[in-house]
Amino acid sequence: MREAEDVRAILRDRGPRPSGPRRFPPGFIWGAGTSAYQVEGAIDEDGRGVSIWDTLCARPGAIANGDTGAVAADQYHRYREDAALMAELRLATYRFSIAWPRIQPDGRGPVNERGLDHYRRVVDALLERGIAPNVTLYHWDLPQALEDAGGWSSRETALRFADYAATVYRALHDRVGWWATLNEPWCSAFLGYATGEHAPGVRDPRRAVAAIHHLNLAHGLAIRAMRPIDAGPRLGIVLNPAPIRTKDGTPPATETLRDGIRIVDGIRNRVWLDPLLEGRYPADIAADVAALGGFPIADGDLATIAAPIDWLGVNYYHDDTLGDLPPGTSAAAGAAIHPGTAGIAWDPPDGPRTDQGWIITPDGLRALLVSIGRDHPGAPPLIVSENGAAYDDPIGPDGRIRDERRTAYLAAHLDSVHRAIEEGADVRGYIAWSLLDNFEWAWGYAMRFGIVHVDYATQRRTPRDSALWLRDVIAANALP
Ligand code: IFM
């Protein structure tokens with residue numbers, strides 16, 4: 001297939017590699033991930049409350065094809081079958097998230113024990129198969145009642161999150177060794193409150209700026225609430241940093257582009273990494289967003305956010321490449337949260353794309369993993385907590401799904417992880433996105449990210465060739 005060849009060509013262009021297997025360090029952790037709203041379904045069962053994604057899905061035109069997470073991959077009922085599949089694929093860990101509205105239907109107050117019981121059963125099913133659970137406490141499904149009270153633009157949501165996090169931790173800390181507070185808070189703040197593509201579907205840059213700080217604070221408050229309950233498990237957070245650059249990697253030619261790249265990098269990367277790892281916001285971005293109300297920092301917040309963590313999850317899909325805005329065109333939605341970026345635009349290089357139109361830039365993952373440790377000497381060990389690609393290859397008459405492009409994508413990115421480790425990055429694991437095809441947010445079910453195909457009519461699971469390839473990589477702890 002030509003496009004798979006294109007992806008392999010990207011890999012070759014990056015220089016020679018050893019002829020033998022590229023081994024990963026002993027104990028390297030291999031896994032696959034999902035999130036609650038994307039796979040569970042069962043939105044009305046066992047006392048679950050309404051989430052902001054239920055609400056957005058009901059808004060006409062918000063989600064491709066009018067899709068919703070009401071059934072999804074039905075993992076709420078099929079987690080045992082899925083755990084067996086994970087064991088066949090030799091996964092050492094499964095990263096999944098807890099739906100806050102199942103635990104506290106209104107985001108505050110009494111605990112819904114039926115919700116907690118569900119996750120107790122999921123964790124037990126994984127442990128019975130020898131699979132270590134890696135739990136994310138918030139993967140975007142905020143209880144609607146909290147959004148109605150201000151959502152992430154309100155400080156109160158951060159306090160409520162810490163309470164919820166401690167509740168779940170108390171119930172599962174004895175059996176779950178890996179915890180993340182938030183998944184990709186940039187998406188919650190920027191896509192949720194600036195561009196409005198994600199729930200709650202708001203376009204208000206002032207609210208987005210406040211959300212950045214309250215998400216950071218929520219993380220810190222949760223760590224502070226969880227650690228005294230049990231200091232054993234590894235506590236962390238999952239971010240989605242990305243290299244922000246010109247399409248050919250050359251220095252920006254204009255002042256507008258130079259400044260635009262600085263600001264986009266600030267909002268995407270530095271407003272998360274700097275408070276978390278250095279206990280401060282980047283001064284340039286704090287000044288830029290002052291006109292949008294600024295970060296609502298109270299005494300002690302920065303120390304709370306910078307509480308020590310045990311691991312940092314890095315989700316990576318592609319670099320973001322920017323160029324000067326062509327004359328006569330207008331800036332993208334969301335430019336408002338990046339004051340001063342009205343003169344720049346997304347400027348992708350030529351080359352293969354995934355079904356979503358995403359560019360393929362595997363070397364960015366190497367560069368990112370190396371730069372986090374270099375720029376933040378106190379950074380904890382890293383786990384690549386998401387990486388993958390949407391491709392929809394047909395099921396062959398023999399039942400096989402020959403998803404060569406996904407395998408080439410995974411191979412190229414794993415090679416980058418291997419290179420990063422050779423260059424000194426402290427990377428302890430790799431979690432593919434996703435275990436299963438699932439509800440891809442505003443794209444609905446149109447985008448298939450699974451290493452395992454899901455037939456939504458029957459809920460039948462079929463491992464694609466990429467899953468079988470990954471199984472063999474895991475068994476060898478090496479890239480062939
Ligand atoms: O499906 C999402 C996931 O929920 C968060 N990270 C990016 C994935 C692909 O878009």
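Since every read-out is calculated from the coordinates, none of them should be taken as a lab result. Since this is a predicted model, take the numbers as computed values, not measurements. With ideal geometry, Cβ positions are generated from the backbone for all residues, glycine too; neighbour counts draw on all protein chains shown.
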Selection from Trp30, Ile263, Val71 lying farthest towards where the dipole of the chain points positive, charges on Cβ:
Trp30
Report the extension gain between Glu113 and Ser371 in nm, rounded to one decimal, defined as 0.36 nm multiplied by the number of residues separating them, less their alpha carbon distance.
88.6 nm
Which FRET efficiency value, to the nearest 0.05, is calculated for Glu422 and Asp248 with the Förster distance at 25 angstrom and r the Cβ-Cβ distance?
0.50
Note to self, the chain gives a 222 nm [θ] from helices alone (DSSP H runs n ≥ 4, -39500 (n - 2.57) apiece, / all residues, nearest 500) of -11000 deg cm²/dmol
Just how far, in whole angstrom, is region 196-218 from region 78-108 if you go by their alpha carbon centroids?
26
For region 409-480 and region 301-358, what is the centre-to-centre distance using only Cα atoms, to the nearest Å?
23
Once a ≥ b ≥ c are taken as the square roots of the eigenvalues of the Cα gyration tensor of region 299-456, is the result rounded (a/c under 1.5), prolate (a/b larger than b/c) or oblate (a/b not larger than b/c)?
oblate
With the Cα gyration tensor of region 394-464 giving a ≥ b ≥ c as the square roots of its eigenvalues, does the rule (a/c under 1.5 for rounded; else a/b larger than b/c for prolate; else oblate) give rounded, prolate or oblate?
prolate
Among Ile305, Ile372, which comes first, second and so on when ranked by fewest other beta-carbon atoms within 10 Å?
Ile372, Ile305
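Rank the residues Thr167, Thr321, Thr181, Thr329 as a footprinting-exposure proxy: fewest other Cβ atoms within 10 Å of their Cβ go first. Write down the numbers at each step before the final one.
Values: Thr167 17, Thr321 21, Thr181 24, Thr329 8.
Going from sparsest to densest Cβ surroundings: Thr329, Thr167, Thr321, Thr181.
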Residue order, fewest to most surrounding Cβ atoms within 10 angstrom, among His77, His453
His77, His453
How big is the antiparallel share of DSSP beta bridges in the chain, given as a percent to the nearest 5?
25
Counting pairs of alpha carbon atoms under 8 Å apart in space and at least six apart in sequence, what relative contact order in percent does region 45-111 give?
46
With the cut-off at 1.5 for a/c, could you classify the chain from its C-alpha gyration tensor as rounded, prolate or oblate?
rounded
Whole-Hz Karplus ³J(HN,Hα) for region 342-355, in order, using 6.51 cos²θ - 1.76 cosθ + 1.60 and θ = phi - 60°, x for Gly and Pro?
5, x, 10, 8, 4, 9, x, x, 5, x, x, 10, 7, 4
